[in-house]
Amino acid sequence: MTDKKRNQPEARRVAKEAYPYRGCCLCGQTVGEELAHLDHEASNNDPDNLAWLCNHHHWMYDVGLFSVTALKVQRAHWQEVKGKRINAYMKDAGKKAAATRAAKGIGSEMARKASATRRANVLKAAQKGQAV
């Protein structure tokens with residue numbers, strides 16, 4: 001057992017200096033952001049032992065769902081991209097899909113036919129149910 005004690009303010013100071021781009025290094029979330037000690041030793045405030053995580057990913061790390069190596073790679077990447085998500089979301093996927101449908105001539109006419117077919121099938125099923 002170590003005679004060192006937990007010093008959370010010191011850990012936060014060290015982490016802020018070493019990793020200025022805050023947010024969970026896995027998802028970028030800043031709400032509920034926590035400081036994880038990667039070796040699970042709260043007194044070890046070495047920068048290599050610290051990572052910013054959201055409470056969800058902190059829990060996942062603590063139960064063993066992420067390796068230390070993977071987390072350190074993500075932590076380095078998060079600092080390299082300066083805390084900005086670069087491809088986490090497909091913000092304009094709907095617009096791109098609509099443009100593709102328009103370019104291929106797919107769209108409202110096909111949607112109307114599909115809707116009409118579904119309605120017809122529902123009516124047929126209902127009539128069969130009544131006749132039986």
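The values are calculated or read from the model by the stated rules, or taken from the named source; none is laboratory data. It should be emphasised that the depicted structure is a prediction, and the values quoted were computed from it without experimental measurement. Quick reminder, even Gly has a Cβ in these numbers, built from the backbone with ideal geometry, and neighbours come from all protein chains shown.
Some notes on this structure:
- Candidate set from the range 7-28 (those that are over 16 Å from Ala70 (Cβ atoms) and hydrophobic (A, V, I, L, M, F, W, C)); member that is surrounded by the fewest Cβ atoms within 10 Å (Cβ to Cβ): Ala18
- Any pair with Cβ under 6 angstrom, 6 or more apart, that starts in the range 48-77 at a residue that is touching a residue at least 24 places away in the same chain (Cβ under 8 Å) and ends at one that is polar (S, T, N, Q) and surrounded by 15 or more Cβ atoms within 10 Å (Cβ to Cβ): Cys54/Gln29
- The range 85-121, residues that are of a type outside the set (S, T, N, Q) and modelled with pLDDT of 80 or more: Arg118, Arg119, Ala120
- Among the residues of the range 29-56, the ones that are over 23 Å from Asn7 (Cβ atoms) and surrounded by 18 or more Cβ atoms within 10 Å (Cβ to Cβ) come to 0 in all.
- Members of the range 31-66 found to be more than 18 Å from Arg13 (Cβ to Cβ) and under 17 Å from the mean Cα position of the chain (by Cα), listed by number: Val31, Gly32, Cys54, Asn55, His56, His57, His58, Trp59, Met60, Tyr61, Leu65, Phe66
- When the range 1-23 is filtered for residues that are in a loop (DSSP other than H, G, I, E, B) and either free of Cβ contacts under 8 Å to residues at least 40 places away in the same chain or over 20 Å from Gln74 (Cα atoms) (or both), the ones remaining, listed by number, are Met1, Thr2, Asp3, Lys4, Lys5, Arg6, Asn7.
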